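Comments concern the structure below.
We did not get these values from a lab; they are worked out from the coordinates using the rules stated. Values in this document were obtained by computation on a predicted structure and should not be read as measured data. Don't worry about glycine lacking a Cβ; one is built from the backbone with ideal geometry, like all the others, and counts go over all protein chains shown.
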């Protein structure tokens with residue numbers, strides 16, 4: 001089953017007297033329950049594309065469907081509600097709130113989404129057990145290692161049970177050992193919970209065990225690193 005579809009996505013930004021064209025008609029599909037790597041060099045537009053797919057930015061033109069629902073013409077309020085309940089985000093930097101404990105950081109998305117499952121923390125504890133950090137729930141981010149903080153960020157992206165998680169260079173700040181731990185966590189979440197991941201990365205090591213690789217090159221998507229315009 002196709003969970004996410006992007007059709008003819010274009011995006012440009014003002015540049016001096018003209019415009020810089022970043023995306024030039026991107027088309028992609030992500031199957032439910034898959035782990036897909038979006039590859040390409042720095043500056044190729046991977047983050048721009050993820051932001052558009054995650055409704056954090058709007059394309060100049062094109063269409064996005066998530067679980068068969070066209071989200072291209074939603075209002076800002078509709079997009080905000082849809083995003084909170086259907087899309088999880090993991091970034092290169094964990095963005096945990098330093099004044100909140102690990103547990104409070106994980107609960108926050110539930111309360112922001114007015115999710116009544118916040119009263120039932122069994123699912124959250126089940127996710128947290130996968131990180132091996134259950135005994136650190138009362139600790140603050142400053143008391144965790146970089147790898148631990150990033151694992152918490154992955155779990156935080158899942159607490160609202162989103163249809164898909166978009167991850168932008170999630171191992172970019174981690175050493176090889178912690179990067180491998182994070183990838184194993186992602187694979188276990190897919191295996192145990194059927195979670196879907198689209199991961200933007202330039203790390204060949206991270207993508208060795210994903211289901212598919214897509215390459216963003218010269219503003220379009222291909223199955224190999226070099227794509228003709």
Original post:
Could you give the distance between the Cα centres of region 1-77 and region 128-188, to the whole Å?
Top reply: 25
Original post:
Counting pairs of alpha carbon atoms under 8 Å apart in space and at least six apart in sequence, what relative contact order in percent does region 60-170 give?
Top reply: 43
Original post:
Between residue 16 and residue 161, what length in nm is gained on full extension when 0.36 nm per residue of separation is reduced by their alpha carbon distance?
Top reply: 47.9 nm
Original post:
Simple spin-label model, 7 Å along Cα-to-Cβ: residue 69 to residue 139 in nm?
Top reply: 3.7
Original post:
Can you give the angle from 0 to 90° between the axis of helix 146-156 and the longest principal axis of the chain, with both taken from C-alpha atoms, to the nearest 10?
Top reply: 80
Subject >> Order of 74, 39 - criterion: other Cβ atoms within 10 Å of each residue's Cβ, fewest first >> reply: 74, 39
Subject >> Approximate spin-label separation residue 1-residue 58, in nm, with each point projected 7 Å along Cα-to-Cβ >> reply: 3.1
Original post:
Cα convex hull of region 1-129: mean projected area in nm², to one decimal?
Top reply: 10.5
**OP:** Relative to the compact-globule scaling 2.2 N^0.38 Å, provide the ratio for the alpha-carbon radius of gyration of the chain.
**Re:** 1.01
Original post:
Can you give the angle from 0 to 90° between the axis of helix 102-112 and the longest principal axis of the chain, with both taken from C-alpha atoms, to the nearest 10?
Top reply: 60
Original post:
Tell me, in nm to one decimal, what length is gained between residue 82 and residue 95 on full extension, where the rule is 0.36 nm per residue of separation less the Cα-Cα distance?
Top reply: 2.6 nm
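Over the chain, what is the relative contact order in whole percent, taking alpha-carbon pairs under 8 Å and six or more residues apart?
Relative contact order, the chain: 30 percent.
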**OP:** For n ≥ 4 DSSP H runs only, could you compute -39500 (n - 2.57) per run for the chain, divide by its residues and tell me the 222 nm figure to the nearest 500?
**Re:** -9000 deg cm²/dmol
